[in-house]
Amino acid sequence: MATNLLKLFCDVSSKKLVKSPFDSSSYTLPSFFNGDKIPVEMQLLLPNDRGGLSSQYKPVTEAVNVELGLVDVAQSPTERAAVTMDIKYKMWSAEIITGGTNWNVGDTATVTTTTSVNPATVKITGATGGVVNAVEILDEGIITTTGAHPATGVTTTKLVYANASSTGLTLRIEWATIHTGYLDLSVSAFNTYMGSDLSKETSFEARAYNIAGGTAYEETIFQTTATVKADGFK
């Protein structure tokens with residue numbers, strides 16, 4: 001179990017970290033500690049060109065490759081810790097295509113995928129005569145590939161239900177790309193870099209490169225200051 005997952009949201013247009021997909025306020029990184037191996041989850045965001053205070057961003061849905069790392073502050077910077085992130089996907093939105101039969105408000109359904117690490121689920125918030133007319137995302141889930149999205153919608157399986165005959169709910173799903181990995185500050189080279197210093201200022205950076213199916217490129221998508229502190233346990 002990851003005891004302290006570092007969840008990051010990056011506004012790639014403004015090249016800054018923000019607090020959430022619904023809050024464009026700048027996010028301040030916590031201090032890092034020498035010797036730690038930090039689980040990181042990052043989501044790339046684009047400005048929502050259709051506006052709205054409740055939906056300031058839209059997700060990046062392409063399989064963008066991302067490298068994340070700590071770089072020392074010097075005339076010729078050197079990477080001190082870096083990770084190439086794994087690409088996964090979370091459910092961003094769900095719209096009803098077919099409302100199915102025999103559903104009740106309060107029921108939950110699992111979105112059917114073949115590559116789920118953690119299955120996405122929705123809660124039925126509206127139903128008339130057993131036909132679903134409103135859902136909300138209960139768990140965004142995590143999947144490794146989105147697969148084909150048929151015009152008839154992604155199927156679901158009842159999870160918690162009042163009527164065992166409930167069936168047939170299909171959804172139009174938008175999957176948002178996320179990036180996961182471990183930033184390793186436990187390597188001996190990083191310990192050597194820290195030396196006897198109690199803390200050091202570093203540059204925390206992320207680069208995106210080589211969009212699948214597009215023109216190869218590499219771009220720094222954000223850069224900010226980060227503090228690394230000495231670990232007292234030896």
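The values are calculated or read from the model by the stated rules, or taken from the named source; none is laboratory data. Here the structure is a predicted model, which is why all the values come from computation and not from measurement. Virtual Cβ from ideal backbone geometry, glycine too; neighbours counted across all protein chains shown. Ligands, DNA and RNA are excluded from the accessible area calculation, which covers all protein heavy atoms including side chains. Shrake-Rupley method; radii C 1.70, N 1.55, O 1.52, S 1.80 Å.
Numerical summary
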{"read-out": "Any hit, the range 151-164, residues being part of a strand (DSSP E or B), of a type in the set (Val, Ile, Thr), at negative phi and within 15 Å of the chain's Cα centre (by Cα)", "value": "no"}
{"read-out": "Looking only at the range 28-50, and only at residues there that are open to solvent by 80 Å² or more (accessible area, probe 1.4 Å) and of a type outside the set (Lys, Arg), the one that is farthest from the chain's Cα centre (by Cα)", "value": "33"}
{"read-out": "Scope the range 183-195; condition small (Gly, Ala, Ser) and without any contact (Cβ under 8 Å) to a residue 12 or more places away in the chain; matching residues", "value": "188, 195"}
{"read-out": "Answer residue from the range 171-188, given it is surrounded by fewer than 20 Cβ atoms within 10 Å (Cβ to Cβ) and more than 16 Å from the chain's Cα centre (by Cα) and is farthest from residue 111 (Cα to Cα) among those", "value": "188"}
{"read-out": "Single match in 116, 25 (criterion: open to solvent by 20 Å² or more (accessible area, probe 1.4 Å), within 16 Å of the chain's Cα centre (by Cα) and of a type outside the set (A, V, I, L, M))", "value": "116"}
{"read-out": "Selection status of residue 139, open to solvent by less than 30 Å² (accessible area, probe 1.4 Å), out of contact with any helix residue (DSSP H, G or I) (no Cβ under 7 Å at 6 or more places or on another chain) and acidic (Asp, Glu)", "value": "no"}
{"read-out": "Condition met for residue 167 (over 27 Å from the mean Cα position of the chain (by Cα), surrounded by 13 or more Cβ atoms within 10 Å (Cβ to Cβ) and β-branched (Val, Ile, Thr))", "value": "yes"}
{"read-out": "Test: residue in the range 136-152 that is farther than 30 Å from residue 126 by Cβ and in contact (Cβ under 8 Å) with a residue 12 or more places away in the chain", "value": "yes"}
